[in-house]
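Below is one structure, written out as structure tokens; comments come after it.
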């Protein structure tokens, strides 16, 4: 069933997943919504925040709510690519080597503290994130569908870390920051987790097969030529800004386009509004900008530059 025939179908069927995840990730409704945007758009998420604010809980709750498998990689400097993708081991009964899949063969993969892995191990994720497959010793193996990488990094501790290169950052559809809960939300957190973890009560809200159908339906969300032009204009404006050394790539244009479709569908619409694009500009484009040295010395941030780009780009009125 296409969304154009039933505009509210995606919103109706995704709502139970949103509620399930929000039941354990307290007070982060915007982050939960954006996580579902990434799922429906077929993208990946980078969460850049301090420890202990619910990043792992978010990933586990999402996997349970969509009825998918969950894998986890705890990154350390001695982590090898094979620890992520898998290895061939000797099977004495069969008299040969058999493939032992790594944690990457899951619907939702949590890669904790990605910037603590070496560049070689980080690179092992590139093919998987872009091509949805793993190639080892000449054999290509498809990853489960859907496949979502939810990676985290701690922006405070820099010792013993390896900054993510631009090519790696560009593979993430969204960058999120959860932030600390408010006083009321933190009190609610204590009440919810007082006896046992509500995560154990999260069950699948729909099947993976149905989720895949909804992902396909999202691509039918209408984007008028004027809004499409607005997306292109925003991305291109990042490349010409005086404080930007490297602007957003064409991959970013596609990312913003598909993310806007997913957000509109989640909010029950069969069409994208300019406000959808503006709302998504920071999480989709912020991590794809590389500021020049002078801008960094002046303490400028990517988000401040994006605000200027948004303010200077005419919004379609029709």
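Please treat every number below as a calculation from the coordinates, not as lab data. In this text the structure is predicted, and so the values were computed from the model without any measurement. All Cβ positions, glycine included, derive from the backbone under ideal geometry; neighbour counts span all protein chains shown.
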(request) Just report the Cα centroid separation between segment 214-229 and segment 88-143, whole Å. (result) 33 Å
(message) So for segment 1-217, averaging the separation of alpha carbon pairs under 8 Å that are six or more residues apart and normalising by length, what relative contact order in percent results?
(response) 33 percent
(request) Considering only 47, 156, 14, give the residue with the highest GNM mean-square fluctuation for the chain, with springs between Cα atoms whenever their separation is below 10 Å. (result) 156
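For segment 71-113, what is the relative contact order in percent, using Cα pairs closer than 8 Å and at least 6 residues apart in sequence? All intermediate terms of the calculation are to be shown ahead of the outcome.
Values: 61 pairs, mean separation 23.1, N = 43.
Contact order relative to length: 54 percent.
Would you mind putting 126-133, 168-175, 15-22 in packing order, based on average other-beta-carbon counts within 10 Å, highest first?
Numbers: 126-133: 15.6, 168-175: 21.6, 15-22: 19.4.
Descending packing order for the listed peptides: 168-175, 15-22, 126-133.
Restricting to the chain, what percent of DSSP beta bridges are antiparallel, rounded to 5?
Values: 12 of 29 bridges.
Roughly 40 percent of the DSSP beta bridges within the chain come out antiparallel.
With the contact rule set at Cα under 8 Å and sequence spacing of 6 or more, what percent relative contact order holds for segment 189-318?
Values: 132 pairs, mean separation 36.9, N = 130.
Worked out over segment 189-318, it gives 28 percent.
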(request) Starting with the highest mean, order 191-200, 225-234 by the number of other Cβ atoms within 10 Å, averaged over the residues of each peptide. (result) 225-234, 191-200
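Take each of the peptides 54-67, 136-149, average the number of other beta-carbon atoms within 10 Å over its residues, and list them starting from the highest. Show your work: numbers first, answer last.
Values: 54-67: 23.1, 136-149: 15.0.
Most protected by this proxy first, the peptides run 54-67, 136-149.
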